[in-house]
Structures are given as C-alpha cells and as structure tokens.
1. Does residue 106 fit the bill of being touching a residue at least 24 places away in the same chain (Cβ under 8 Å), open to solvent by 40 Å² or more (accessible area, probe 1.4 Å) and small (Gly, Ala, Ser)?
2. Looking at residue 117, is it in contact with a Ser or Thr (Cβ under 7 Å, 6 or more places away or on another chain) and either open to solvent by 10 Å² or more (accessible area, probe 1.4 Å) or assigned to a loop (DSSP other than H, G, I, E, B) (or both)?
3. Give 166, 146 a once-over and let me know the one that is open to solvent by less than 80 Å² (accessible area, probe 1.4 Å), more than 27 Å from residue 4 (Cβ to Cβ), among the acidic types (Asp, Glu) and modelled with pLDDT under 95.
4. Would you call residue 110 of a type in the set (D, E, K, R), within 25 Å of residue 9 (Cβ to Cβ) and modelled with pLDDT of 95 or more?
5. Within the stretch 157-168, is even one residue closer than 30 Å to residue 91 by Cβ and either part of a helix (DSSP H, G or I) or in contact with a helix residue (DSSP H, G or I) (Cβ under 9 Å, 6 or more places away or on another chain) (or both)?
6. In the stretch 1-18, which residues are of a type in the set (A, V, I, L, M) and farther than 13 Å from residue 92 by Cα?
Amino acid sequence: MKIYLYDSTFNGLLSAIHVAFYSKEPEVEIIREDDYLQTTIQEVLYIPTNQEKSDKVAQAIKEKISLTAFNNIYYAYLSEYIDAGTKILAYLRLGFKKGSEIDCYSYLDEVKSIHGYRSKVLLEKHRMLGFVRFQNYPDYFLSIIEPDHNILHLIMPHFVARLPKEKFIILDKKRQLAGFYNGDHWRLMPLTINTDSQTEDRYTLLWQEYFKTIAIKERSNTKLQKKFMPARYWKHLTEYKTKS
C-alpha cells in the first residue's frame, strides 16, 4: 500500500485525492505529513499542493456527488483524525459511483466514518460556543481554548456577532493559532509568542504583533487563509497599534 503525504491544508488533501484517483492505485493511505511516522515497509510519496487539481476535485464533488458531500469531507478533514484523509478518499470513491444518494448508504463503513467525524466536529463547535470564557484586558478580551478538532474558524463568526463592538482574541493553544477581531474584521494568524510565558504582557504583545503584521504586505499568509478560512472572510486590515 502506498502512502500519500500532504501539507495539512485542505487544498493539499484535495490535491492528494486527485493524484489517488488518476494513479488508479487500488489501496492508498492519505496522511498529513505532520502525522506521518516513518516506516521502512510502505512506499511514501509526498504530494505537493496544486490549486488547479484541488479546484477540479472540489468542483467534481459538488457537481457529480453533492454540496452536502463536499461539506461532509470538509468537516471530516477538520476532525484531524490521522485516518481522515484515507476515509475521505474511500467516501469519495463510493460517492462518484452512487452520486447524490451517497449519504443514504449510512450503514456502509465508507459513509458511516465520514458522518461520524462530521458529527464530532459539529458537536464540539456547538459545545465550544457555550464553553468559551473571556478575560478582560485593558484593550481587548481574551479566551484560550484547546479543542480536539480544528474549529477556531467555525466559532469566530459567532463571537463576532455576539461582541460586534468589542476587540478580542481567541487562542487555540493546541494548534498555536489565534483568531483576532478588531471591532471591524476578523482573521486568523499563527502564534508568534510563547503563550506559556508567565509574563503579564504576553497577550498584549500578541495583540500588538497582530496589528503590526496586518500592515506588512510581505507577511500576508494566503496559504494559511486557504487552510482555515472560506474566501468570503478574507479581509486585509490596514490599521495598527503601536507599543506604548
């Protein structure tokens, strides 16, 4: 059995799926490169992310299976289970045979697994909306979370709507990712400071880094945006806050 590694992005996953379909390999595992434990038995192939291939796969799923199926595999991807990529491939192989009726076959392992991963992600998202608690800092509110699944970008819109006039940060400590809302727009950024530090000003530094980063064109991270955010949320912020 071959192992296809991808760069952990959703586009990377779809690129690997494209290669798997066209290679006609009967058995393939698709794993995020960060999750792979090297062995000497299986053949490993790294699949680079290819936007054109990713777009073709996404379009084919929506047209030949359904938008629901596309959403299902996206939530399964967000689960970050080590076998999610392989399960998604099996689900899609069946989906291209069954078409829009794929989800009626919930008794089959190929479908049951994806539905299970989707349910776990959506359940955690729902729970997190009630579990998030903010600490009040002088210029903003802060919440630290460590969810099992990659749901930060799923919950950010809820808190933006709930706190439309406030500035806040939600930190996903497990993934070293921060969601920022400045009272106007929100975006995600990788953490650039040690959040385990005991320094009182560590989150203030993070907040300042956020405003500094959004003003530097060269540090725009389109790849990260594509991984965590739908395109309709891509906003380029121009204001910044300097250190006092």
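The values are calculated or read from the model by the stated rules, or taken from the named source; none is laboratory data. Being a predicted model, the structure only gives us computed values, none of them experimental. FYI the Cβ positions are ideal-geometry reconstructions off the backbone, even for glycines, and counts take in every protein chain you see. Areas reflect the complete protein model, heavy atoms only, side chains present, ligands, DNA and RNA absent. Shrake-Rupley method; radii C 1.70, N 1.55, O 1.52, S 1.80 Å.
1. In short, no.
2. Against the criterion (in contact with a Ser or Thr (Cβ under 7 Å, 6 or more places away or on another chain) and either open to solvent by 10 Å² or more (accessible area, probe 1.4 Å) or assigned to a loop (DSSP other than H, G, I, E, B) (or both)), residue 117 qualifies.
3. The unique qualifying residue is 166.
4. Details: of a type in the set (D, E, K, R): yes; within 25 Å of residue 9 (Cβ to Cβ): yes; modelled with pLDDT of 95 or more: yes.
Considered against the rule, which asks whether it is of a type in the set (D, E, K, R), within 25 Å of residue 9 (Cβ to Cβ) and modelled with pLDDT of 95 or more, residue 110 comes out as yes.
5. Let us first name the residues in the stretch 157-168 that are closer than 30 Å to residue 91 by Cβ, namely 157-158.
Now narrow it down to the ones that are either part of a helix (DSSP H, G or I) or in contact with a helix residue (DSSP H, G or I) (Cβ under 9 Å, 6 or more places away or on another chain) (or both): 157-158.
Checked the stretch 157-168: at least one residue is closer than 30 Å to residue 91 by Cβ and either part of a helix (DSSP H, G or I) or in contact with a helix residue (DSSP H, G or I) (Cβ under 9 Å, 6 or more places away or on another chain) (or both).
6. First, the residues of the stretch 1-18 that are of a type in the set (A, V, I, L, M): 1, 3, 5, 13-14, 16-17.
Selection gives 1, 3, 5.
Here is a yes/no grid of residues against (1) touching a residue at least 40 places away in the same chain (Cβ under 8 Å); (2) aliphatic (A, V, I, L, M); (3) assigned to a loop (DSSP other than H, G, I, E, B); (4) surrounded by 14 or more Cβ atoms within 10 Å (Cβ to Cβ):
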position	(1), (2), (3), (4)
57	yes, yes, no, yes
70	no, no, no, yes
75	yes, no, no, yes
87	no, no, no, yes
100	no, no, no, no
130	no, no, no, no
